[in-house]
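Colleague: Below: one structure in structure tokens.
The values are calculated or read from the model by the stated rules, or taken from the named source; none is laboratory data. None of the values given here were measured: they were computed from a predicted structure. Because the Cβ atoms are built from the backbone with ideal geometry, glycine has one as well, and the counts that use them run over all protein chains shown. Accessible surface is based on the protein model in full, side chains and every heavy atom, while ligands, DNA and RNA are left aside. Shrake-Rupley method; radii C 1.70, N 1.55, O 1.52, S 1.80 Å.
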Amino acid sequence: MQDMEKQAENQPVQDPQVDAANAPGTQAEAVAATPTLEEQLIAAEAKSAELQDAFLRAKAEAENIRRRAQDDISRAHKFAIEGFAESLLSVKDSLEMALKIETPSVESLKEGVDMTLKQLSSAFEKNKLLEIHPQAGEKLDPMKHQAVSAVPAEQEANTVVTVLQKGYTISDRLLRPALVTVAQGK
């Protein structure tokens, strides 16, 4: 027992407050783990720089998309008629060939004109250019027809009597109204 007493005497006596401050998970460690204001400022500045970079990249990408869309629209306007013009080339070629014939007969001219008209009608259909050809007795439609005169007739008022000129639509949009005469009211 004397040996134990001697060992206890030889060991330094520690203050319990000092032991508590050095114990793991204590308030001292919490204070040491909390970043200082300078560290917080550096972290916030880094985050701000990162967000600024992301914003500038997104802004540049949006500008590139807008510019590409404008270029596409410009090209579409410039070349919108390309398909229609291409389909009319065969019509022009047929007309030029007809003019090259030295001594055309009436039959060959009629046949050539008929073929050329078929080519033209095919080009119109392909490009959704459709005829408006109202029939006699059809009710006047101011969205498709233009009455140039009213004549006395034995049919209902405001109905088509004769067609003076066909009208045309392109993709369901009126290009030119059909010119018609209509029946007068009785």
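Colleague: Give all pairs with beta carbons closer than 8 Å in which a residue from segment 100-125 that is among the hydroxyl-bearing types (Ser, Thr, Tyr) meets a residue that is open to solvent by 70 Å² or more (accessible area, probe 1.4 Å); count only pairs at least 6 apart in sequence or on separate chains.
Modeller: Correct list of pairs: SER108/ILE101; THR116/LEU95.
Colleague: Would you mention how many residues in segment 102-116 are open to solvent by 100 Å² or more (accessible area, probe 1.4 Å) and not hydroxyl-bearing (Ser, Thr, Tyr)?
Modeller: Going through segment 102-116 one residue at a time, the tally reaches 6.
Colleague: Now for a separate question. What number of residues within segment 163-175 satisfy the criterion of being in a loop (DSSP other than H, G, I, E, B) and within 29 Å of the chain's Cα centre (by Cα)?
Modeller: 2
Colleague: Related question: Quick one: which helices (runs of 4 or more DSSP H) lie wholly within segment 1-101 and hold at least 1 residues that are at pLDDT 90 or above, open to solvent by less than 100 Å² (accessible area, probe 1.4 Å) and under 29 Å from PHE124 (Cα atoms)?
Modeller: Where helices (runs of 4 or more DSSP H) fall fully within segment 1-101 and carry at least 1 residues being at pLDDT 90 or above, open to solvent by less than 100 Å² (accessible area, probe 1.4 Å) and under 29 Å from PHE124 (Cα atoms), they are 37-79, 82-100.
Colleague: Same structure, new question: Given the criteria in a strand (DSSP E or B), free of Cβ contacts under 8 Å to residues at least 60 places away in the same chain, open to solvent by less than 80 Å² (accessible area, probe 1.4 Å) and in contact with a Pro (Cβ under 6 Å, 6 or more places away or on another chain), does VAL160 qualify?
Modeller: Answer is yes for this residue.
Colleague: While we're here: Could you say which residue among SER121, SER149 is of a type in the set (Ser, Thr, Tyr), in a helix (DSSP H, G or I), at pLDDT 90 or above and open to solvent by less than 80 Å² (accessible area, probe 1.4 Å)?
Modeller: SER121
Colleague: Can you find, within segment 130-140, the residue that is nearest to LEU174 (Cα to Cα) among those that are open to solvent by 50 Å² or more (accessible area, probe 1.4 Å) and outside any strand (DSSP E or B)?
Modeller: So the residue we want is HIS133.
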